[in-house]
Amino acid sequence: MQPLEPVSKTRFVLPPPPLQRYLTTYYFSDIESPDGSDISDLLLPQWASIRYIFRGSVKMTVPDHKPQDSPLAAMTGPTSLAAPISSKSARIAAFGLLPLGWYKFVGQPASRWANKVVDVETAHKFDLFAKIWSAIKVAESEAEMIDIFNHLLLEALSPTDSEEEQIEAAHLALTDPDIDSVSALSERLQMDTKQLSRFSSRVFGFLPKLLLRRQRFVRTLGQALMNPSQNWSECVDLNYYDQAHFNRDFKRFMGLTPRQYMAQPHPIFGIGASERTKALGRPLQAMDRPVDPNGSDNSNAA
């Protein structure tokens, strides 16, 4: 991979414990082109996120669309494809939603919003996120923004219900390397195939087979990002048959080959992944796991 240019920086802050079941992290990004040209990168497949652009602008490309300016207050649903992103200058405040957070704070079928970017100011189903935007766009510091995030999200928390435990169990299973097939996932969750498909689409945004394939890919890419001195072959997940199998998945999720990806600079995502690893031990949002109630806290595993 080419050296990263110092044109962006990202800081990660954990939410308070009551929100950690529902959110990944708060994060704050600054992008500044030294010569006024576009700074471009790829965002990897991940869970949903809420992004507020309080200075400058960002262009994003979602499937079947041309590059377009992101709404200033945007929700990106769960993704199964890399998303090109570019900016000349921007300051961004954001947070990621775990699948349980989607269920808690959105409550809409995740498949309806998968691989889409939505303006939360015009989509009435996302009033909470529009309310947060109204409050933080006049904030004077990141600390003040964090206080607003905490206050409004905690205020929106409803009592837990019976499905939350099932969602966390499914999320934990999806990120377990031992669960390598839809039948294994179905057995772990004690659902038949039709039940599992409906549940998976509603809560996670995609059918189980694609989700398992995405998580296998993310595990491998995450290991490569955390161990840049290693060859791809040393990082490939054991559930891949061989390097060619991984290469096909890479092309499917990223739109280019591993060699092409590593040959490009990654001045936005690459720097963010490095800082996320330092802060949380994991470079990718999709590597985050719930705590296993039957074992130790394995939230750093993927």
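The values are calculated or read from the model by the stated rules, or taken from the named source; none is laboratory data. The shown structure was predicted, so the numbers you read here are calculated from the model rather than taken from an experiment. Cβ placement follows ideal geometry from the backbone for every residue including glycine, while neighbour counts extend to all protein chains displayed. Heavy atoms of the whole protein, side chains included, go into the accessibility calculation; ligands, DNA and RNA do not. Shrake-Rupley method; radii C 1.70, N 1.55, O 1.52, S 1.80 Å.
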Residue within region 135-142 that is closer than 27 Å to PRO34 by Cα, out of contact with any His (no Cβ under 9 Å at 6 or more places or on another chain), assigned to a loop (DSSP other than H, G, I, E, B) and among the small types (Gly, Ala, Ser) present: yes
Among (1) modelled with pLDDT of 95 or more; (2) open to solvent by 20 Å² or more (accessible area, probe 1.4 Å); (3) within 30 Å of ARG252 (Cα to Cα) - the single one PRO84 does not satisfy: (1)
Matching residues in region 22-49 - criterion: being hydrophobic (A, V, I, L, M, F, W, C) and either more than 19 Å from ARG219 (Cα to Cα) or at pLDDT 95 or above (or both): LEU23, PHE28, ILE31, ILE39, TRP47, ALA48
Subset of region 26-61 [under 30 Å from PRO159 (Cβ atoms), in contact with a Pro (Cβ under 7 Å, 6 or more places away or on another chain) and assigned to a strand (DSSP E or B)]: TYR26
Among residues of region 12-29, those that are in contact with a Gly (Cβ under 9 Å, 6 or more places away or on another chain) and of a type outside the set (Phe, Trp, Tyr), counted: 6
Test: VAL138 is open to solvent by less than 30 Å² (accessible area, probe 1.4 Å), under 24 Å from LEU14 (Cα atoms) and among the hydrophobic types (A, V, I, L, M, F, W, C): no
Residue within region 144-167 that is outside any helix (DSSP H, G or I), closer than 30 Å to ILE53 by Cβ and touching a helix residue (DSSP H, G or I) at 6+ places or on another chain (Cβ under 8 Å) present: yes
Subset of region 94-139 [in contact (Cβ under 8 Å) with a residue 24 or more places away in the chain, within 21 Å of ARG289 (Cα to Cα) and of a type in the set (Gly, Ala, Ser)]: ALA94, GLY96, GLY101, ALA110, SER111, ALA114
Candidate set: region 66-78, residues that are closer than 22 Å to HIS124 by Cβ and not in a strand (DSSP E or B); chosen: the one nearest to the chain's Cα centre (by Cα): PRO78
Residues of region 230-252 satisfying the condition of being touching a Phe, Trp or Tyr at 6+ places or on another chain (Cβ under 9 Å) and acidic (Asp, Glu): ASP237, ASP249
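Matching residues to (1) surrounded by fewer than 19 Cβ atoms within 10 Å (Cβ to Cβ); (2) aliphatic (A, V, I, L, M):
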{"position": "SER37", "(1), (2)": "yes, no"}
{"position": "LEU42", "(1), (2)": "no, yes"}
{"position": "PRO45", "(1), (2)": "no, no"}
{"position": "PRO71", "(1), (2)": "no, no"}
{"position": "GLY77", "(1), (2)": "no, no"}
{"position": "PHE95", "(1), (2)": "no, no"}
The listed residue being in a helix (DSSP H, G or I) and among the small types (Gly, Ala, Ser), out of SER197, SER229: SER197
